[in-house]
Structure formats: structure tokens, C-alpha cells
Amino acid sequence: MLRLGIIGMARILPAHLRGMKRLLDAGLADFRVTALVGRTMAGALCFRRRGEGPVPRVPVGPDGDPLSAPHMYCSDLHPDTLPECFTDISAMLEADRVDAVLLLTPVGLHHSQALQCMRAGVHVLCEKPLAVSVRAARAMVEEAERRGLTLGVAEGAVYDPTARLQRWAVDSGLLGPVEMLLTGGVGGFWSPDRICAETPWRHRKVEAGGGPAVDIGVHQFAHIRYVAGEVALVAAMTARLAPERFTRDAAGQVLQRVAPDVEDTYHALFRLAGGGTGQASFSWAGRGQATFWPGAPVVYGAHGVLRGPRFFGEDGVAADLAGRVPPELTARWFPGGIRDSKALQLLDFIRAAASVGGMEADGRRGMADLACAFAVLESAAARRTLAVEEVLAGSADAYQREIDQAYGLV
């Protein structure tokens, strides 16, 4: 049985707990949540037992967003084993309560907390983005590899059913060579000036790394890389359209405000290593009606186009990809019929921690996704096209230098 600790009582925790419940109900993994670490003891107790402790914060975001998942508690997973609560990671590690941890703290804390856990011999599954800079991510990856531990990133795009189907359409030759990709959106729930997820740190460079280029960009580039291969070049522009952001109550009264020092809008062109081109963008600004690419990322190939889980050939007729994938591949992708990406990524992590195999969304993949996201910001800062390899290697780091200096990484 794997003993799993959870560090950070974030709003996304209920979505992870629901994934855990699906695994336990299906009998696919043997684990128990044995430790919870919060900033305060009251915070740590929030998700321990239903009906015990303070009520967690109200879910936020649009329907379907992981942050809006209804509350769930560790007692809903396994009432026979309730976790011990801590306010300090060191105390949890000294108590020898965990073999692995799920890290759900703000991104600026990821690298220091992950390093602390790995130096104690503990495997780490870290919420995306993997780290606050590429240099911070590399420190995490190298520490895991040096110690023979599993470092994973909770990147749903890699385990998403649509991404799986699109990957098969490319690998099988159905789509033909990838020619173009389009993904992005403007406006929506947090526009034009809401504090995203009611977490001001997301709008502060040293705490978040960047705005949507990092927070959303890692999802976009994870999906793009999974389906179509490596991103070679990036040319981008960014903007900050909302000088202040707010959280308001139902009557419109301002409860909280923040002056961002990161972008809220980005537009990027990119070239794949295989020769295809693409466009990725996102904005937390934009007034009036929102605009999103339907079925994004839309993937054009030599034989047609992928829009979400459907393929349109040159005749324009839609085909459902799910009906074409070999059953044995579907069974491997979705064990027990589970299609919840949070459940699938945790199962992959647990198996990797038990040395059953490598994890698909491992630390190196998370670092490469992050490098693509930071290539957007580095390109905009340098006002030139950048090779992603420059960002991975650290030779293009003008934008990130302030972040790395703040954490003593340079």
C-alpha cells in the first residue's frame, strides 16, 4: 500500500479526491491518504473528515472546471484510515507518514517543497505548472533522477481522452503528416478583470512565473507536444490589458484587488520539429462575448482535420475516432473504463513509484512543456523568434532571470 500525503489544501483538491475515489472503487490502486499539510491546522483539517473541521472555501470557476468540483473529503475515500494533519512539511517527513506526496501549493513553492520531499526519499506528483521557471524545474528533475525517485506533473492534457484519440489519429497515419494546429481563446469566466481563481499570486511574476502563458500555456503545449511532437520555434507577443484585477461579492463590492505584473493576454506562432506550424493564444481579458476555438486544438493534416474527438476527411464527413481505436489500446489508455484524467495520472504515478514503469507525464515532460510556455514570454521580451532549445538550455532567460534571482537559482 502506498502512503500518500497531500501538501496544500487548494481548491483543486476535491477534483483530485474524486479521481482517487474512482481508482479505489475500481480496485485499480492500493493507496491511502495518510497525511495532510496545510498552512494552518484549521486548513489541514478542512478536507480530513466530512462534517469535521472548518468548511473549505467555496468552489470557483465555470461548470466543468476542476476548481469548481464539489467538496469531497478523505473520509469519503477510506473512513478506516484518516490522515494525520500537519502545518509543516518537515514534521510530516520526520513522522515517516508518507511514501509519496501530491503537491498542490502555489507554483512558486513547487521546487523548494519538491526538493525537500525528494531529499527525504519521497516520490512527488506536482500540480501543473511543474515549476516557477525552467531552471527551477531542472533542479527538480535532476534531483529525482539522482535519487531514483518518480517526479510527475499532474498534467491532464496528457491523459485527456481527446488527446489520446488525436494522438492515435496521427500515429496511425489517419490524419497524415501534421500541417497546422490552432488553439486558444479570449475572454470567459475570469474576464475582463477578475482575479483568476480568486488567487492573487497568479498575477504576480515572482510567485506564478507568468499569467496565462504559463497557467494555460503549459496545458496547450502539453497537448500539442503529445499529439504532434516537439515544438521547435516560437514567436510571440503579450499584453496586459487589465491594469487591476478584482474579486467582488454578489452586490459588486470589491473584496480584493491586485495590480498584475504579468501578462493577461498572449499570442504565439510556433513551428514543430516535424515542419508543421501553429498558433496558440489565450487571454484573461476581453469584454463582451468570449471566443474559443471549437474542438481545440484543431489539428490539420495531409488527409483532413481533427476537431476534438472527431476526424473530418477531405469529403467533409465526420468520423468518431473512438470507434476506430483498437480495443486493446483503449483498454490500456483507460483501465477499468476510467476516463477521468486526474484518476489516470495518479494511477500512472502510483505504478511508476512502484517501479512498474515510467510515468508518461514525468518531470522531463513537464519541464519541456514549461519551456514552451516560457518561450512565449522570452520571445515577447526579446522581440524575436526563439528556439525552445534556447529556453531549455537557459541561454534565453532574460524574462526568467528576475524569478531565478528571487529564489537564488542563479
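Within region 292-312, is there a residue that is over 17 Å from the mean Cα position of the chain (by Cα), part of a strand (DSSP E or B) and at pLDDT below 95?
The initial filter retains those residues of region 292-312 that are over 17 Å from the mean Cα position of the chain (by Cα), namely 292-295, 298-312.
Next, from what is left, pick out any that are part of a strand (DSSP E or B): 292, 298-301, 304-307, 310-312.
So of that shortlist, the ones also at pLDDT below 95 come out as 292.
Yes, there is a match, as at least one residue in region 292-312 is over 17 Å from the mean Cα position of the chain (by Cα), part of a strand (DSSP E or B) and at pLDDT below 95.
Are any residues in region 285-334 in contact with a His (Cβ under 9 Å, 6 or more places away or on another chain) and within 30 Å of ARG202 (Cα to Cα), and if so, which ones? Passing the criteria: ALA296, PRO297. Only a single criterion out of (1) touching a Leu at 6+ places or on another chain (Cβ under 7 Å); (2) closer than 30 Å to ALA371 by Cα; (3) not basic (Lys, Arg) is not satisfied by PRO294, namely (1).
Looking at region 63-85 only, could you name the residues that are in a loop (DSSP other than H, G, I, E, B) and of a type in the set (S, T, N, Q)? Even if it seems obvious, please write down each step before you answer.
Taking region 63-85 as the starting set, the residues that turn out to be in a loop (DSSP other than H, G, I, E, B) are 63-65, 69-73, 78-83.
The one that is in a loop (DSSP other than H, G, I, E, B) and of a type in the set (S, T, N, Q): THR81.
In region 376-403, how many residues are touching a Gly at 6+ places or on another chain (Cβ under 9 Å) and either among the aliphatic types (A, V, I, L, M) or not in a loop (DSSP other than H, G, I, E, B) (or both)? Outline the logic, then answer.
Residues of region 376-403 touching a Gly at 6+ places or on another chain (Cβ under 9 Å): 376-377, 399-400, 403.
Narrowing further to those that are either among the aliphatic types (A, V, I, L, M) or not in a loop (DSSP other than H, G, I, E, B) (or both): 376-377, 403.
The qualifying residues number 3.
When the test is whether a residue is within 20 Å of VAL132 (Cα to Cα) and of a type in the set (Phe, Trp, Tyr), TRP190 does not pass it. Restricting ASP63, ASP96 to residues that are out of contact with any Cys (no Cβ under 6 Å at 6 or more places or on another chain) and either under 23 Å from LYS128 (Cα atoms) or hydrophobic (A, V, I, L, M, F, W, C) (or both) narrows the list to ASP63. Conditions first: (1) at pLDDT below 95; (2) touching a His at 6+ places or on another chain (Cβ under 7 Å); (3) closer than 24 Å to ILE216 by Cα. PRO56 passes all but one, so which condition is the exception? Evaluating PRO56 over (1) at pLDDT below 95; (2) touching a His at 6+ places or on another chain (Cβ under 7 Å); (3) closer than 24 Å to ILE216 by Cα leaves (3) as the failure. Identify the residue in region 1-24 that is more than 19 Å from the chain's Cα centre (by Cα) and within 18 Å of TRP333 (Cα to Cα) and, among all such residues, is surrounded by the fewest Cβ atoms within 10 Å (Cβ to Cβ). By that ranking, first place goes to LEU24.
Across region 268-286, which residue is surrounded by the most Cβ atoms within 10 Å (Cβ to Cβ) among those that are of a type outside the set (A, V, I, L, M, F, W, C) and touching a Ser or Thr at 6+ places or on another chain (Cβ under 7 Å)? Steps first, answer last, please.
Our first condition is that a residue be of a type outside the set (A, V, I, L, M, F, W, C); within region 268-286, this holds for 271, 274-279, 281, 283, 286.
When the remaining residues are screened for being touching a Ser or Thr at 6+ places or on another chain (Cβ under 7 Å), the result is 271, 283, 286.
Values: ARG271: 17, SER283: 27, GLY286: 18.
This residue is SER283.
For beta carbons closer than 7 Å, sequence separation of 6+ or different chains, a first residue in region 303-332 that is exposed (fewer than 10 other Cβ atoms within 10 Å of the Cβ) and a second that is of a type in the set (Gly, Ala, Ser), the qualifying pairs are GLU314/GLY304.
The values are calculated or read from the model by the stated rules, or taken from the named source; none is laboratory data. Note that the structure is a prediction, hence the values are computed from the model and not measured. Every residue, glycine as well, gets a Cβ built from its backbone with ideal geometry; the counts of neighbours run over all protein chains shown.
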